[in-house]
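A.B. asks: Dropping the structure in here first, questions after.
The values are calculated or read from the model by the stated rules, or taken from the named source; none is laboratory data. This one's a predicted model, so the numbers in the text were calculated from it and none came from an experiment. Backbone-built Cβ (ideal geometry, glycine too); neighbour counts: all protein chains shown. Heads up: the accessible areas ignore ligands, DNA and RNA and are worked out on the full protein's heavy atoms, side chains in. Shrake-Rupley method; radii C 1.70, N 1.55, O 1.52, S 1.80 Å.
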Amino acid sequence: ITYRIAHLIENQNVRPDSILAVTFTNKAAQQMKERLNALLRNRLGNPLIATFHSFCVRVLRRYISAIGYGNDFTIYDDTDQLSLLKSCLKDLGLDEKVLQPRAALSRISHAKNHGVDPAGAYQQAYDPKTEKIAVAYEMYEKKLRHANALDFDDLLLKTVLLLNQHESIREMLNAQYRFLMVDEYQDTNRTQYRLI
């Protein structure tokens, strides 16, 4: 990808700011930037090389108000998410010994990564425990929204939602990033694929 980017800039006269390269980890993104800087000899103007999540944060900080959040949203880390889910379980009167918070949070993350909202999780529930997780998921989402917060999974989901619902924003980003490259494309999940 770095050689392709260098070729586009040096041999095809492509503007660096019209190139977006996404990868999975901060380490991979940093390595790509370093390789590209070495190839281009620190030439002025750089393409955007980012992880999926950091690209989404960049988009959301600018445009998330279009889907009803404040641009100053908070990103909840694992500890924040666990604390919030425990609060939901307590409010619902669900015993943490019966419904373990980490396991429930893992199920919610799995649902989000497969594009399943709380209503869909409830429809897919196959026993009382998964029904309770779906109910906790719904409250978890409401509390996130009330706090103007997103969890890590939401970064991709809310960006996909934003781009699906707002054609003008989608077209603006498509016009800006004319060249899109994805590192390890075969490893993208459904949400990442929809984003791309």
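A.B. asks: Test ASP17 against the criterion of being open to solvent by 40 Å² or more (accessible area, probe 1.4 Å), at negative phi, in contact with a Gly (Cβ under 7 Å, 6 or more places away or on another chain) and in a helix (DSSP H, G or I), and give yes or no. Talk me through it step by step, then tell me what you get.
C.D. replies: On the way: open to solvent by 40 Å² or more (accessible area, probe 1.4 Å): yes; at negative phi: yes; in contact with a Gly (Cβ under 7 Å, 6 or more places away or on another chain): yes; in a helix (DSSP H, G or I): yes.
For ASP17, the condition - open to solvent by 40 Å² or more (accessible area, probe 1.4 Å), at negative phi, in contact with a Gly (Cβ under 7 Å, 6 or more places away or on another chain) and in a helix (DSSP H, G or I) - is met.
A.B. asks: Would you confirm, using the coordinates I've provided, whether GLY120 is farther than 17 Å from PHE55 by Cα, open to solvent by less than 60 Å² (accessible area, probe 1.4 Å), assigned to a loop (DSSP other than H, G, I, E, B) and of a type outside the set (Ser, Thr, Tyr)?
C.D. replies: When the stated conditions are applied, GLY120 does not pass them.
A.B. asks: Does ASN113 satisfy being under 29 Å from ALA29 (Cα atoms), at pLDDT 95 or above and surrounded by 14 or more Cβ atoms within 10 Å (Cβ to Cβ)?
C.D. replies: Values: under 29 Å from ALA29 (Cα atoms): yes; at pLDDT 95 or above: no; surrounded by 14 or more Cβ atoms within 10 Å (Cβ to Cβ): yes.
When the stated conditions are applied, ASN113 does not pass them.
A.B. asks: Output the residues belonging to segment 50-103 that are aliphatic (A, V, I, L, M) and in contact with a Pro (Cβ under 8 Å, 6 or more places away or on another chain).
C.D. replies: Matches in segment 50-103: LEU82, LEU85, LEU89.
A.B. asks: Does ALA66 satisfy the condition of being surrounded by fewer than 16 Cβ atoms within 10 Å (Cβ to Cβ) and of a type in the set (A, V, I, L, M, F, W, C)?
C.D. replies: Against the criterion (surrounded by fewer than 16 Cβ atoms within 10 Å (Cβ to Cβ) and of a type in the set (A, V, I, L, M, F, W, C)), ALA66 qualifies.
A.B. asks: I'd like to verify a number: residues in segment 31-63 that are surrounded by 13 or more Cβ atoms within 10 Å (Cβ to Cβ) and more than 22 Å from VAL160 (Cβ to Cβ), how many?
C.D. replies: Counting residues in segment 31-63 that are surrounded by 13 or more Cβ atoms within 10 Å (Cβ to Cβ) and more than 22 Å from VAL160 (Cβ to Cβ) gives 11.
A.B. asks: Could you tell me which residue of segment 132-152 is farthest from VAL116 (Cα to Cα), considering only residues that are of a type in the set (A, V, I, L, M), in a helix (DSSP H, G or I) and open to solvent by 10 Å² or more (accessible area, probe 1.4 Å)? Break it down stepwise before answering.
C.D. replies: First pass over segment 132-152, keeping only residues of a type in the set (A, V, I, L, M): 133-136, 139, 144, 147, 149-150.
Then drop every residue that is not in a helix (DSSP H, G or I), which leaves 133-136, 139, 144.
Okay, now just the ones that are also open to solvent by 10 Å² or more (accessible area, probe 1.4 Å), so 133, 135, 139.
Details: ILE133: 13, VAL135: 13, MET139: 15 Å.
Looking at the filtered set, the residue picked out is MET139.
A.B. asks: If LEU84 satisfies all but one of (1) assigned to a helix (DSSP H, G or I); (2) open to solvent by 30 Å² or more (accessible area, probe 1.4 Å), what's the number of the condition it fails?
C.D. replies: (2)
A.B. asks: Let me ask you something else. Between ASP187, ASP153, ASP183, which is out of contact with any strand residue (DSSP E or B) (no Cβ under 7 Å at 6 or more places or on another chain) and over 17 Å from VAL57 (Cα atoms)? Walk me through it before giving the result.
C.D. replies: Values: ASP153 fails: over 17 Å from VAL57 (Cα atoms); ASP183 fails: out of contact with any strand residue (DSSP E or B) (no Cβ under 7 Å at 6 or more places or on another chain).
None of the other options fit; the residue is ASP187.
A.B. asks: Still on this model: Mind counting the residues in segment 24-70 that are part of a loop (DSSP other than H, G, I, E, B) and either closer than 26 Å to ASN13 by Cα or touching a Ser or Thr at 6+ places or on another chain (Cβ under 6 Å) (or both)?
C.D. replies: Number satisfying all stated conditions: 7.
A.B. asks: Considering segment 174-195 alone, what residues qualify as being closer than 27 Å to VAL116 by Cα, open to solvent by 70 Å² or more (accessible area, probe 1.4 Å) and part of a loop (DSSP other than H, G, I, E, B)?
C.D. replies: The answer is GLU184, and nothing else.
A.B. asks: Residues being among the charged types (D, E, K, R), farther than 18 Å from SER54 by Cβ and touching a residue at least 12 places away in the same chain (Cβ under 8 Å): count how many of those fall in segment 160-193.
C.D. replies: Looking only at that region, the number is 2.
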